[in-house]
Structures are given as C-alpha cells and as structure tokens.
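Notes follow the structure.
Each value in this text was obtained by applying a stated rule to the coordinates, not by laboratory testing. Keep in mind that what you see is a predicted model, and the values were worked out from it rather than measured. Here Cβ is always computed from backbone atoms with ideal geometry, including for glycine, and neighbour counts include all displayed protein chains.
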Amino acid sequence: MPYIKQERRECCDRVVELMKEIKVVANGDLNYILFKFCKETVSPSYNNYKNFCGELSECVAEIRRRLTSKYEDIKIQENGDV
C-alpha cells in the first residue's frame, strides 16, 4: 500500500468523505467512478493504462491482505475451520 504524504492523504480523505456522503457503493457506482476517472485523466497509452490497472490490482491485493483475511480469521474462530 502506498503510504502517501499527510498533505495528500488529507486531500484524498476529503474525496472519500464525499463518496460516503453521496453513498457511493460497490455495486456499479465505484466501477463507474473509477472508469470515468481513468477515461478523463489518463493520457492514452498502453503504459499509462497499465499503470492505472496496476494501481487497481494493488488495491485489490491490499483489501484481500488487510481486510478479507482478517474477516476470514474471525469467521474461522466463530464457525470452526474446514
């Protein structure tokens, strides 16, 4: 996970708060926002698209590593392992 400088984090956190305020959910809204952001801000080139997709892939990996695995551990404790 890229740990960005505090001044950038504060700016990005404002975006997250706005997304929460307008109730952006991961059932199409988030996909639309990220696609539109890419379409409108990434200069067309294979390398730029590759880098954008890499950022998304790393976000997925971080969610699995830091959130999903913790959730799975809790459920194993609650329900027993397979």
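Miscellaneous remarks
- Tilt relative to the chain, helix 46-63 - C-alpha long axis, 0 to 90 degrees, to 10: 20
- Shape box of the range 4-72 [Cα atoms, principal axes, largest first, Å]: 38, 30, 27
- Prolate/oblate/rounded call for the range 1-41, Cα gyration tensor, a/c under 1.5 rounded: oblate
- Subtracting the Cα-Cα distance of Arg66 and Leu30 from their residue separation scaled by 0.36 nm leaves 11.0 nm.
- With the simple spin-label model, which puts each label point 7 Å out from Cα in the Cβ direction, the Tyr46 to Glu7 separation comes to 3.7 nm.
- Computed [θ] at 222 nm, deg cm²/dmol, the chain (DSSP H ≥ 4; -39,500 (n - 2.57); rounded to nearest 500): -23000 deg cm²/dmol
- Comparing Cα centroids, the range 1-46 and the range 54-78 end up 19 angstrom apart.
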